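Beneath this line is the structure, given in structure tokens, with notes to follow.
Only the coordinates and a few stated rules stand behind these numbers; no lab work does. Predicted model, so just to flag it, every value in this text is computed and none were measured. All Cβ positions, glycine included, derive from the backbone under ideal geometry; neighbour counts span all protein chains shown.
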Amino acid sequence: MKIAIGCDHAGLALKRVLIECLNAEGHEVHDFGTDSEDAVDYPDFVFPVAEAVVRGEADRGIFPCGSGLGPCIAANKVRGISAVTCHDVFSAKSSRRDNNANFLTMGQRVIGSGAAVEVLKAWLHEPFSGIERHQRRNDAIRAREQAEDAR
């Protein structure tokens, strides 16, 4: 799978752990930075990761930061992105199985690296169920995006 990943300064150590896991599993990883603990503004790094997913250059996007929250909000502003913040395996699996999430955020200040790897693996390996009610809900979200574009 092709993975686009980025982080801000508060997620750098976790990003490195996640990249190691992704590489070990044989995924193709494109790192959009940052590569420093110097303070940066997360939208500057979130948007390129999200846009790579929307353009089809990556199958999924991942973004660790301090809490996971701000980058989730920012990523969801990009049409075609369904971003979630997950710090447990149940939520990670549900976000894929029911919501077909294509962008994962996590907070380095919230989750330990071992648990983060388990969340990442669960999120990567759980397929979208395609169950009619879940597909209908996902389609309604996409229809809303298209309606807003038409305005």
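For the list (1) in contact with a strand residue (DSSP E or B) (Cβ under 7 Å, 6 or more places away or on another chain); (2) closer than 22 Å to Val54 by Cα; (3) of a type outside the set (A, V, I, L, M), I need the number of the one condition that Gln108 fails.
Answer for Gln108: the failing condition is (2).
When only residues in the range 13-47 that are part of a helix (DSSP H, G or I) and touching a strand residue (DSSP E or B) at 6+ places or on another chain (Cβ under 8 Å) count, which is surrounded by the fewest Cβ atoms within 10 Å (Cβ to Cβ)?
Asn23
Inside the range 55-73, can you point out the residues that are free of Cβ contacts under 8 Å to residues at least 60 places away in the same chain, under 24 Å from Glu28 (Cβ atoms) and under 12 Å from the mean Cα position of the chain (by Cα)?
Matches in the range 55-73: Ala58, Asp59, Gly61, Ile62, Phe63, Pro64, Cys65, Gly68, Cys72.
Take the range 104-137 and flag every residue that is in a helix (DSSP H, G or I), among the polar types (S, T, N, Q) and in contact (Cβ under 8 Å) with a residue 40 or more places away in the chain.
If the condition is that a residue be in a helix (DSSP H, G or I), among the polar types (S, T, N, Q) and in contact (Cβ under 8 Å) with a residue 40 or more places away in the chain, then Ser113 is the only one that fits.
Any residue in the range 1-12 that's within 14 Å of Pro71 (Cα to Cα): show its pairings with residues that are assigned to a helix (DSSP H, G or I) and aromatic (Phe, Trp, Tyr) at Cβ separation under 9 Å, as long as the two are six or more apart or on different chains.
Gly6/Phe45; Cys7/Phe45; Asp8/Phe45
Do you know which residues across the range 49-103 are touching a Lys or Arg at 6+ places or on another chain (Cβ under 7 Å), crowded, with 23+ Cβ neighbours inside 10 Å and in a loop (DSSP other than H, G, I, E, B)?
Ala58
Quick check on this structure: which one of Ile62, Ile111 is closer than 16 Å to Ile5 by Cα, in contact with a helix residue (DSSP H, G or I) (Cβ under 8 Å, 6 or more places away or on another chain) and β-branched (Val, Ile, Thr)?
Ile62
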